[in-house]
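Chemist: Mind looking over this structure? Questions follow.
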Amino acid sequence: MRTHPKYIFLVSIFLIISACSPSQPTNIPTVTEPVFLTLPITDTPALSTETPSPTNTPLPALERAQYILNTTIDYDAKTVTVDQTIRYSNLTGNQLNTLVLAITPNLWDGSFALNSLAIDGQPVTTYTLDGQRLDISLASLLPAGGVTEIQIGFTLTLPFAEQEDPSVSRPRIYGYTSRQINLVNWYPFVVPHINGEWILHDPWFYGEHLVYDTADYEVNLKFTEPAAAPGATMPIVAASGVPEAQPDGSTRYTITAARTFALSASRDFQTSSTQLGDISLTSYYFAFNERGGQAALQTSAQALQVFSTKYGAYPHKSLAIVMGDFNDGMEYSAFYYLSKDFYNLYDGTPANYLTFVAAHETAHQWWFDQVASDQAIQPWLDESLATYSERIFYENTYPDILSWWWSYRIDFYKPEGFVDIPIYEGQGFRPYTNATYFQGAHFLEKVRERMGDEAFFAFIQDYYNQGRGKIVTANDFFRILRTHTSADLSDLINQYFRNVYQ
Ligand SMILES: [Zn+2]
């Protein structure tokens, strides 16, 4: 191959991107035995149509949990004080005598301090907090359809998160850098209860390990006066949900039927916004990256239009596109991060990481936020669809560089491996993404070729409609796929999957 400057530039990008994530993790944490979620989708409560059972509790029935987080951030001290109320609705179909909450800040020494814990107004004394897991024994059984109110007071001392050394700490976004604080998975939440089990997996060096039910969020946010930095301005906040200024100077953010609430704050953020119907998109970026910030905004707006047409309506009223002061892109509800590296390498064309990762993270609003799955055990369900969504973005927006995307984004890495591996069996970041993301994209391409476009997109829309608000499994994916094609897919499934799906 003739080597020209563009090629050298592209290779240098690969090397930088490849270096972003650990490939040879040490200090491997213990892995719990993976549990496949074989529950047919129809066995998962249909939240929108759930008819709550009669209950003795005075709290009204809820179709999903409510989280209220009264939050005070001391930006200069890097501390966050929260009075949290969770109204948890027991949609498991069975009575419960325990609750399990994930508290991932407690994975970092000294980051999480529990100030108070009460259920239905009564202080809780019978609980265990071990790492990220809080087990609460309920004083009285919570019946199916019943609602209980959990009150938690806690203080976060944010860890410094700018350096990532996998030999001494796990990769993280949660914490602060010299110019940003990032609150992700920062509050206790009740983990899903499926097939009689609380679903809370161990963290890993790459991939995501948490699984979320949907919930409604109200975050009431205020900052302490910036006393430690005289003359300093209040930080600019990017968050899941729509902000509404309150008379007391605080801001209330609300979002409904979301998986998780993320928040980033920085005194250095610059912003740019656009409107698509009733959806507000805002890009948050640091100085000297305005061109990349604008491109991320434009790409997200284009992708949101493409995916709304091809998959189904975007569910929220806002989308925050946030430049991350770390080497990660990451999705949350109505919010995603793009690594600073993508902005720094942005070349003004749509043929680059900033563009396709922006499309990828936007697609996670469909394949993560709305249609959720077990990110630790079946990560391909959202990652292969988010990666293939990059292809759908390019074919509809920049079709002349579609072949470039296949070669640069996917086939450069010569992907191999089974698509349906848990994060714990990825054998490193690159083999894991090769299998789960890139082989997954190839599988979807071949399925589409065999089914034809019309049936393929009818399947995708049906999968979206049936999966919204739920936690789907690979069995759900193939069951719905089967209703849209009679084509023989067995050779493709044998080639790409290690498990057998009909
Ligand atoms: Zn992804």
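The values are calculated or read from the model by the stated rules, or taken from the named source; none is laboratory data. Here the structure is a predicted model, which is why all the values come from computation and not from measurement. Ideal geometry is used to build each Cβ from the backbone, glycine not excepted, and the neighbour counts take in all protein chains shown.
Chemist: Of the residues in the stretch 318-333, how many are closer than 17 Å to Phe261 by Cα and within 16 Å of the ligand (Cβ to nearest atom)?
Modeler: So the count comes out to 9.
Chemist: Identify the residue in the stretch 392-409 that is away from the ligand (no atom under 14 Å from the Cβ) and surrounded by 20 or more Cβ atoms within 10 Å (Cβ to Cβ) and, among all such residues, is farthest from Ser308 (Cα to Cα).
Modeler: Among them, the one singled out is Trp405.
Chemist: In this structure, is Ala376 at pLDDT below 95 and either within 11 Å of the ligand (Cβ to nearest atom) or out of contact with any strand residue (DSSP E or B) (no Cβ under 7 Å at 6 or more places or on another chain) (or both)?
Modeler: Yes: the conditions hold for Ala376.
Chemist: Grab the helices (runs of 4 or more DSSP H) fully contained in the stretch 435-502, keeping just those with 1 or more residues being under 22 Å from the mean Cα position of the chain (by Cα).
Modeler: 440-451, 453-467, 474-482
Chemist: Let me ask something additional. Do the conditions hold for Tyr388, that is, is it away from the ligand (no atom under 14 Å from the Cβ), among the aromatic types (Phe, Trp, Tyr), at pLDDT 95 or above and over 16 Å from Leu492 (Cα atoms)?
Modeler: No, not satisfied.
Chemist: Give all pairs with beta carbons closer than 8 Å in which a residue from the stretch 382-411 that is under 11 Å from Leu444 (Cβ atoms) meets a residue that is away from the ligand (no atom under 11 Å from the Cβ) and not in a helix (DSSP H, G or I); count only pairs at least 6 apart in sequence or on separate chains.
Modeler: Between residues of the stretch 382-411 that are under 11 Å from Leu444 (Cβ atoms) and residues that are away from the ligand (no atom under 11 Å from the Cβ) and not in a helix (DSSP H, G or I), the close pairs are Ser384/Val419.
Chemist: Are there strands (runs of 3 or more DSSP E) fully within the stretch 54-143 with at least 1 residues that are in contact (Cβ under 8 Å) with a residue 60 or more places away in the chain? List them.
Modeler: Counting at least 1 such residues, we get 65-74, 79-89, 96-102, 133-142.
Chemist: Kindly indicate which of Tyr253, Tyr217, Tyr212 is closer than 30 Å to Val472 by Cα and in contact with a Pro (Cβ under 6 Å, 6 or more places away or on another chain).
Modeler: Being closer than 30 Å to Val472 by Cα and in contact with a Pro (Cβ under 6 Å, 6 or more places away or on another chain) holds for just one of Tyr253, Tyr217, Tyr212, which is Tyr253.
Chemist: Going through the stretch 389-426 one residue at a time, which ones are under 17 Å from Ser373 (Cα atoms) and among the aromatic types (Phe, Trp, Tyr)?
Modeler: The answer is Tyr424, and nothing else.
Chemist: I would also like to ask the following. Looking at the stretch 348-373, which of the residues that are assigned to a loop (DSSP other than H, G, I, E, B) and of a type outside the set (Val, Ile, Thr) is nearest to the ligand (Cβ to nearest atom)?
Modeler: His364
Chemist: Further question: Do the conditions hold for Ser264, that is, is it away from the ligand (no atom under 16 Å from the Cβ), hydroxyl-bearing (Ser, Thr, Tyr) and surrounded by fewer than 22 Cβ atoms within 10 Å (Cβ to Cβ)?
Modeler: For Ser264, the condition - away from the ligand (no atom under 16 Å from the Cβ), hydroxyl-bearing (Ser, Thr, Tyr) and surrounded by fewer than 22 Cβ atoms within 10 Å (Cβ to Cβ) - is not met.
Chemist: Test Leu281 against the stated conditions and say whether it is touching a residue at least 40 places away in the same chain (Cβ under 8 Å), in a strand (DSSP E or B) and surrounded by fewer than 24 Cβ atoms within 10 Å (Cβ to Cβ).
Modeler: Yes: the conditions hold for Leu281.
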